[in-house]
1. Nm distances between the label at A:THR251 and the same-position labels in the remaining copies, 7 Å along Cα→Cβ, shortest first?
2. How many percent of the accessible area of chain B is carbon or sulfur, using a 1.4 Å probe?
3. For Cα pairs less than 8 Å apart in space and 6+ apart in sequence, what is the mean separation divided by the residue count of chain B, i.e. the relative contact order in percent?
4. Where the only charges are on Cβ atoms (+1 Lys, Arg; -1 Asp, Glu), what is the dipole of segment A:228-333 about its Cα centre, to the nearest 20 debye?
5. Is there a pair in A:LYS203/A:LYS284; A:LYS160/B:LYS227; A:LYS105/B:LYS105; A:LYS3/A:LYS227; A:LYS3/B:LYS203; B:LYS105/B:LYS284 whose C-alpha atoms are over 32 Å apart, and which pairs would that be?
6. Not counting the cut sites, what is the longest span of chain A without GluC sites (Glu not before Pro) that DSSP labels loop and that have at most 16 other Cβ atoms within 10 Å?
7. Can you list, shortest first in nanometers, how far A:ARG226 lies from the same residue in the other copies, with each label 7 Å from Cα toward Cβ?
8. One-quarter of the Cα convex hull surface for segment B:186-331, in nm²?
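The values are calculated or read from the model by the stated rules, or taken from the named source; none is laboratory data. Values in this document were obtained by computation on a predicted structure and should not be read as measured data. Note that we place each Cβ from the backbone using ideal geometry, even for glycine, and neighbour counts take in every protein chain shown. Heavy atoms of the whole protein, side chains included, go into the accessibility calculation; ligands, DNA and RNA do not. Shrake-Rupley method; radii C 1.70, N 1.55, O 1.52, S 1.80 Å.
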There are 2 protein chains.
Amino acid sequence: MKKLINAVEDVVRDSLVGVAAAHPGSLAVDLENRIVARADAPVSGKVGLISGGGSGHEPMHSGYVGAGMLDAACCGEIFTSPVPDQMMAAARAVDGGAGILQIVKNYTGDVMNFDMAAEMVSAETGSRIESVLVADDVAVQDSLYTAGRRGVGLTVLMEKILGAAAEEKQDIDALLSLAKRVNDGGRSYGVALTSCIVPAAGKPTFDLAEDEIELGIGIHGEPGRRKARLGSAAEVAGELVEPILADRDFTGAPVIAMLNGMGGTPLIEQYLVYGEVARILSGKGVTVARTLVGNHITSLEMAGCSLTLLNADDDLLRLWDAPVNTPGLRWGC
Amino acid sequence: MKKLINAVEDVVRDSLVGVAAAHPGSLAVDLENRIVARADAPVSGKVGLISGGGSGHEPMHSGYVGAGMLDAACCGEIFTSPVPDQMMAAARAVDGGAGILQIVKNYTGDVMNFDMAAEMVSAETGSRIESVLVADDVAVQDSLYTAGRRGVGLTVLMEKILGAAAEEKQDIDALLSLAKRVNDGGRSYGVALTSCIVPAAGKPTFDLAEDEIELGIGIHGEPGRRKARLGSAAEVAGELVEPILADRDFTGAPVIAMLNGMGGTPLIEQYLVYGEVARILSGKGVTVARTLVGNHITSLEMAGCSLTLLNADDDLLRLWDAPVNTPGLRWGC
């Protein structure tokens, strides 16, 4: 295992020390609770938007904290849910009097811990606290770690869109209804060329032969649909698009498309795959209105990529385009 | 070799197809000449800022084209200089009547080809065309591919700062003087944990044992100063900072610090190393005013990172903070 770390047990903490050093003006890092919050939190009259999950997916979630996106992120150990104490500390930090909304990726541990935190926050403060589950991965119906679909790339889009709506002081019911539209309209699918190595494990999570890929991979290296021979990028793009379009009709409204790198795949390859994806989508009558290419929700150094499509009406596009000022997504600010 | 590509000889072109598809409103991609230009080029009365070099370092350079940064990027084959015809096409595309400035990383092939292009453009159009060389890598004095120091991470800062100055219509002499200040005040040093694989070669550029790193690595996998055992991130951070501070005194004015990922190193590790770097710099009396952490000048999927420091007065900081709207760096727009 070749990694730029100190002790294995300190990876998340040590990395947050770097986040604090790199973004002193805009982010407040609580090293004890391992939460990253907006420096100006709580913002009065604004729904406090919290997310979090296992670390190792950076920039998600800590890199999406800031004006126009999350108010706080709770950083678990690598690929391990944060604990309820973290969400409680985050809720206290960002409660601006308009309630708290938790964005939770659909994994059993995350769902349980965010639910527990919500109950405790509500009992402690009386503040209204709600959760939305992201469950966009069409690869598998249930999995090792989930009942129902896994939450993957759509989480990035959910955080951006709800963040924009929260920033303009939409209330919690409006955000819940918006989250439903995002969940209904969004689908993802991923492919891995190599495994990653979780520091505490010290060895690859799974094995792939030199000519093999895993189709439908999860963001923690969970098995997908099947192994296949690595073909051309055009073929891989076809494998990404097909299950998404088979699951939902994406014609009739423009889409936001994210071609996401899993961590170890160079940007030149990500753009190359996106070129093939765009060609296929165009041939299928799907109109791409906005595109995001890059490492946005990663699995440490895993090589591979994922595709997320979100059917977006004018309102969703407006919220997508709204100013955002985070380390991971930044425009208009 | 496991890569998301079609034919090896089409990697650069196919990736540019993706760039065109992903950024239709802001970038104009000339597939025949493999140049990426601002969609609104030429901007009248503005110095046309061109850079380029071998591909495989994305987002540099094509990802730094846009308002507030480059007017055009010339994309060579992977790790291979673009040819003068490409720079000539770029110059024609971005000549707004205030002259052309080429930002060239100091590699023999690049220097020769940009010089040749400058002579031909000047002869053809009569426009004034100048070049600035970036040569910031303190690792080696001469190398396999250079006379003098290699141009590495400082190129990103040079493109941002000159881009901001060009955007506010500073003239070409002012830009040349600014470039001299950036070159005088900037230094870089890098470390690799793994090699990358150039598609056309199909095998790793160099070998490193499982516990070995290369200190002073170049961005094409050129040898550095020495191999060493991989220690803790704190030790690696020390190895990054020491040769830079030994080469130049960075106390007395604030610095812009870039901790750059080489492509295959997860962001969580990059922030972790940056935390250690920040601690060391603080102990040495170096004041960091701005920080950039992420994959900004990469070597395909190489694991490792580099550090760039630039001594920056208020004027340089103002230009650094100025709005920029490119796929790779975006703020204020």
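1. Copy-to-copy label distances for A:THR251: 7.0 nm.
2. Numbers: 5480 of 10880 Å².
Answer for chain B is 50 percent, counting heavy atoms of protein chains only.
3. Working: 788 pairs, mean separation 59.8, N = 333.
Relative contact order, chain B: 18 percent.
4. On the way: 7 positive and 12 negative charges, 35 e Å.
The calculation lands at about 160 debye.
5. Details: A:LYS203/A:LYS284 41 Å; A:LYS160/B:LYS227 43 Å; A:LYS105/B:LYS105 43 Å; A:LYS3/A:LYS227 27 Å; A:LYS3/B:LYS203 22 Å; B:LYS105/B:LYS284 29 Å.
In this structure, A:LYS203/A:LYS284; A:LYS160/B:LYS227; A:LYS105/B:LYS105 exceed 32 Å between Cα atoms.
6. Values: sites that count: A:GLU32, A:GLU168, A:GLU210.
With a cap of 16 other Cβ atoms within 10 Å, the longest stretch comes to A:33-167.
7. A:ARG226 label point versus its equivalents elsewhere: 5.4 nm.
8. Taking a quarter of the hull surface, the average projection is 9.1 nm².
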